[in-house]
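The values are calculated or read from the model by the stated rules, or taken from the named source; none is laboratory data. What you are looking at is a predicted structure, and each value in this text was computed from that prediction instead of being measured. For neighbour counting, all protein chains shown are included, and Cβ atoms are generated from backbone atoms with ideal geometry for every residue, glycine included. Surface areas here come from the heavy atoms of the whole protein model, side chains and all, with no ligands, DNA or RNA. Shrake-Rupley method; radii C 1.70, N 1.55, O 1.52, S 1.80 Å.
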Amino acid sequence: MARAMSRMRDMARTRVVKRSAERVKLSPKQVREITTARFNAGSNTIEVIEKSGWISLYKLGATQTKSGVRVRLRGSYKSAFIAKMGSGHSGVMKRVGSARLPIRELYGPNPAHDVTNNPDVYLTVLAELIEDHLAPRVLHEIDRLLPR
């Protein structure tokens, strides 16, 4: 059972990462980096954990244009600009009002926020995985253990 559940853990992580990346318009690599999965053999549970904050538009490949900032897959942000701040941090900023200050940083998606706000989407993904793959995987592992 532990072998089957370990394989199911990996499959669950892969499918949650894929669905999350599609929904928030990020690359699967970026979502995979913030997603972990664990299997608890004692209680036969699998946890898929996605931890993230709001991702900076700068990290998503923002480029400065004449009218503002453009971010691939996100669109254009009129009157925004890329600012380099101390300690090597850069970000996409926009003025709050017509004065020079204050300014605020603009952020892109938060994959963990999407999971929290749309649990039904991810529960459907996991339910399909369990229905289609759990029993065949358990049988496969049992077949491996039985002598020929």
Worksheet entry | Computed over the chain, the ratio Rg/Rh where both radii use C-alpha atoms and Rh is Kirkwood | 1.17
Fill in: Gained length - LEU145 relative to SER43, 0.36 nm times residue gap less alpha-carbon distance
34.5 nm
Item to complete: Would you mind working out the magnitude of the charge dipole of region 1-40 relative to its Cα centre, with +1 at each Lys and Arg C-beta and -1 at each Asp and Glu C-beta, to the nearest 20 Debye?
Response: 80 debye
Worksheet item: Cα-Cα over 24 Å: which of LYS59/LYS84; LYS29/LYS94; LYS59/LYS94; LYS18/LYS84?
Response: LYS29/LYS94; LYS18/LYS84
Worksheet item: Under unit Cβ charges (Lys, Arg +1; Asp, Glu -1), what dipole magnitude, rounded to 20 debye, does the chain have relative to its Cα centre?
Response: 960 debye
Worksheet item: Can you put SER43, SER87, SER56 in order of accessible area, largest first, using a 1.4 Å probe?
Response: SER87, SER43, SER56
Discussion item. To the nearest 20 Debye, how big is the dipole of region 10-83 about its Cα centre, given +1 on the beta carbon of each Lys and Arg and -1 on that of each Asp and Glu?
Written reply: 400 debye
Discussion item. What does the extension gain come out to for GLU131 and SER76, with contour length at 0.36 nm per residue minus their alpha carbon separation?
Written reply: 15.6 nm
Practice prompt. Work out, step by step, the length gained on full extension between VAL138 and LYS51: first 0.36 nm times the residue separation, then minus their alpha carbon distance; give nm to one decimal.
Written response: 28.3 nm
